[in-house]
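Structure first, commentary second.
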Amino acid sequence: MKERPILFSDQRVRALLSGQQTQTRRIMKSQLMGPGQDNHEGCYGIDVINNHLQGNRVMGMENLSYHCPYGQPGDRLWVRETWRGPIIDANEVSDYERSPTRFKNPRYCQYRADTSHFVDRADQEDQSGWQAGIHMPRWASRIDLEIVRIRVEKIQDISEDDVMAEGVQTDSHFLNNFFTMHNEPVSAKDAYRKQWALQYGGTSWEVNPWVWVIDFTRVDA
């Protein structure tokens with residue numbers, strides 16, 4: 001079993017904690033060839049970042065999943081999110097000074113996804129110290145996920161069931177607001193499309209990239 005980090009936004013962390021999200025999609029750095037580019041089993045993938053052919057020959061869609069950079073079924077992902085810490089009480093400062101390593105624990109951290117209290121407060125003291133999730137060390141992570149299944153597909157091929165597994169619910173569900181950012185009636189798939197475009201750019205949905213589809217379960221602490 002291997003462990004790898006994976007970044008989630010505040011909204012997605014809330015969906016994880018509520019048990020609503022059991023699937024995530026991440027854009028493949030190497031995109032399969034499209035129509036007119038000899039797109040068939042046995043083709044090579046194209047590195048869309050560096051614009052050159054990859055060395056891994058793809059013999060089929062099932063084979064492709066073995067090249068997923070996030071791991072394989074049975075591997076674990078530890079979630080990175082916006083955080084700060086360690087937060088030390090005044091009566092523990094002396095203990096911290098003697099043994100700071102003991103305080104490198106999620107119990108001594110705060111996570112912005114937990115509550116809107118942190119972002120609603122106007123005082124600067126409460127707004128300070130937040131660190132981007134990309135910089136979160138392993139010891140500060142509080143959420144572990146175990147990969148159940150990996151596959152690849154085009155982002156627009158997402159099914160209604162998979163939209164739900166991504167944490168988007170019906171119009172009336174409170175989690176839908178995390179993806180729509182407003183209260184106008186909207187379908188779950190359309191809400192997902194809007195959040196995808198917000199995260200990856202205005203035309204990212206229309207481009208319809210290949211994505212890694214990762215099914216997972218949350219590992220109890």
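The values are calculated or read from the model by the stated rules, or taken from the named source; none is laboratory data. Nothing here was measured: the structure is a model prediction, and the numbers come from that model. Note: ideal-geometry Cβ built from the backbone for every residue, glycine included; neighbour counts use all protein chains shown. To get the accessible areas, we keep the full protein, side chains included, count just its heavy atoms, and leave off ligands, DNA and RNA. Shrake-Rupley method; radii C 1.70, N 1.55, O 1.52, S 1.80 Å.
If each of D114 and T101 carries a label point 7 Å out from its Cα toward its Cβ, how far apart are those two points in nm?
2.6 nm
Could you compute how much accessible surface K104 exposes when probed at 1.4 Å, giving the result in Å² to the nearest 10?
Only protein atoms counted, so the area is about 110 Å².
Among the lysines, which have Cα under 24 Å from the Cα of K154 when same-chain residues fewer than 8 positions away are ignored?
Straight-distance partners of K154: K29, K189, K194.
Suppose the chain between I88 and L198 were pulled fully straight at 0.36 nm per residue; how much longer would it get relative to their current alpha carbon spacing?
Full-extension gain reported as 36.0 nm.
Note down the accessible area of T101, probe 1.4 Å, to the nearest 10 Å².
100 Å²
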